[in-house]
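The values are calculated or read from the model by the stated rules, or taken from the named source; none is laboratory data. Because the structure is predicted, anything quoted here is derived from the model rather than measured. Ideal geometry is used to build each Cβ from the backbone, glycine not excepted, and the neighbour counts take in all protein chains shown. The protein model used for the area step is the full one, side chains on, heavy atoms only, and it has no ligands, DNA or RNA in it. Shrake-Rupley method; radii C 1.70, N 1.55, O 1.52, S 1.80 Å.
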Amino acid sequence: MGDRANIIVVRENGTHELYRTGWAVGIDLDLLDGPAVVLASLPELRQDGWWLDDAMARAGVLVDLGRRVLLFFAHEGPSTELRHRAAMLELIRERWPGWEVRRLYDGPAELRAYVGLDPEYVRCRDSGPDLAPFLAPDDDELAGPDPGGVVVTVGTARCHVAAGPFDHPVREGVSLLDRLADAPEHGVCRLHVGAGIHLVPERRRLAWWSLSPTPHADDVPALWPGWTVEFWQDDWKRHAGACGRFSPAPFGAGAEARSAVLTEARERRAARAGHRALVTRLRTTPARPQAG
């Protein structure tokens with residue numbers, strides 16, 4: 001799948017330019033450098049019409065210079081982690097003063113729609129969702145402070161956890177109910193997951209949320225005919241308050257989270273500087289003559 005992202009710059013006159021980077025994972029950290037540095041890094045990344053689709057784009061950024069709007073999405077990085085998301089967004093807004101900063105939930109299709117292009121161009125509709133297996137409470141995949149995954153609660157009685165980074169289980173539609181029948185029970189989920197679903201079958205109601213984008217998010221209601229479907233965007237706290245079965249373990253907020261994000265940003269900046277230095281050396285070092 002790679003580590004690629006499109007970056008779009010909308011100029012003051014309304015025209016837009018397309019760029020592509022191979023540093024998609026953690027692109028939210030790059031935004032902490034502010035608009036001047038982000039724009040200065042782009043010229044060598046210019047592309048001509050190659051938009052990454054739902055499957056290939058691991059992140060995306062749009063900078064609208066006229067309206068002072070910053071849009072972005074990411075599949076990996078602090079903005080997709082429950083413990084660091086609030087601090088990450090707060091820091092970005094500080095580095096982009098006077099800008100409207102918005103997270104996107106449907107990936108590259110939203111970027112194209114913003115500049116007036118057909119979103120369908122980047123849709124991948126040839127295959128069904130990649131089903132996420134349900135995990136037992138002691139599964140190794142759920143170890144660590146940021147295991148990701150998806151918590152699925154059924155009323156106030158049941159709680160299950162699906163693995164990530166597969167497709168969001170909400171995209172399975174009503175067939176998800178059959179898989180839940182045999183899913184391992186978790187009692188109460190205290191994990192720092194990255195997405196969730198709350199089902200109330202007797203009322204045919206469903207709510208879902210996600211910290212990372214879910215392609216075709218607008219299609220979800222059609223996958224649940226006869227159900228009332230509500231999208232909570234990234235509001236995991238609504239899920240926690242709705243059922244009593246999802247209660248993430250307390251985590252450091254404020255200064256602690258900001259410090260962790262800033263440390264990661266410095267490490268990424270150093271890694272990118274080292275990569276640029278290596279590329280420069282390889283380009284400028286004369287090739288050795290071949291023997292014979």
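Springs between Cα atoms under 10 Å define the GNM used for the chain, and in it the highest mean-square fluctuation of Thr153, Thr263, Thr214 occurs at Thr263.
Just to be sure I understand, if you calculate Cα extents along the principal axes in Å for this structure, which of (i) 86, 77, 35; (ii) 54, 41, 39; (iii) 71, 53, 39 do you get? Working out Cα extents along the principal axes in Å from the coordinates points to (iii). The trypsin sites (Lys or Arg not before Pro) of the range 27-80 that meet both conditions, a loop assignment by DSSP and at most 15 other Cβ atoms within 10 Å of the site Cβ, are Arg67, Arg68. Loop sites here are GluC sites (Glu not before Pro) outside DSSP states H, G, I, E and B with no more than 14 other Cβ atoms within 10 Å. The longest part of the chain free of them is 13-184.
Solvent-accessible surface of the chain, taken per residue with a 1.4 Å probe and all protein chains present: 49 Å². The slack in the chain from Arg158 to Leu39, taken as 0.36 nm per residue of separation less the alpha-carbon distance, amounts to 38.0 nm. In the chain, a dipole from Cβ-located charges (positive for Lys and Arg, negative for Asp and Glu) runs towards its positive end, and of Ile7, Trp236, Pro145 it is Ile7 whose Cα lies farthest in that direction.
In the chain, the longest principal axis of the Cα atoms and the axis of helix 85-95 are about 30 degrees apart.
The heavy atoms of Asp48 present about 150 square angstrom of accessible area, all protein chains included, probe 1.4 Å.
Couplings 3J(HN,Hα) for the range 270-278, derived from phi with the Karplus relation 6.51 cos²θ - 1.76 cosθ + 1.60 (θ = phi - 60°), are 5, 5, 5, 5, x, 5, 4, 5, 5 Hz, where x marks Gly and Pro. The local environment of Glu256, defined by Cβ-Cβ distances under 15 Å, has a net charge of -1 under the rule Lys, Arg +1 and Asp, Glu -1. Once both labels are positioned 7 Å from their Cα atoms along Cα-to-Cβ, the gap between Glu230 and Ser247 label points is 2.2 nm. Applied to the range 13-25, the Karplus parametrisation 6.51 cos²θ - 1.76 cosθ + 1.60 on θ = phi - 60° returns per-residue 3J(HN,Hα) values of 8, x, 6, 10, 10, 10, 10, 9, 10, x, 10, 5, 5 Hz, with x for Gly and Pro.
Extension gain, Leu282 to Ser259, is 4.8 nm, computed as 0.36 nm per intervening residue step minus the present C-alpha separation.
Going by the alpha-carbon gyration tensor, a ≥ b ≥ c the square roots of its eigenvalues, is the range 60-135 rounded (a/c under 1.5) or, if a/c is not under 1.5, prolate (a/b greater than b/c) versus oblate? Oblate shape, in that a/c is at least 1.5 and b/c is the bigger or equal ratio. Under 1.5 on a/c is rounded, so check that first for the range 5-78, then, if it is not, pick prolate when a/b is larger than b/c and oblate when it is not; a ≥ b ≥ c are the square roots of the alpha carbon gyration tensor eigenvalues. Oblate shape, in that a/c is at least 1.5 and b/c is the bigger or equal ratio.
Apply the a/c threshold of 1.5 to the C-alpha gyration tensor of the range 216-262 and tell me whether it is rounded, prolate or oblate. Oblate.
Hey, how many Å between the Cα centroid of the range 1-24 and the Cα centroid of the range 186-233? Between the Cα centres of the range 1-24 and the range 186-233 lies a distance of 30 Å.
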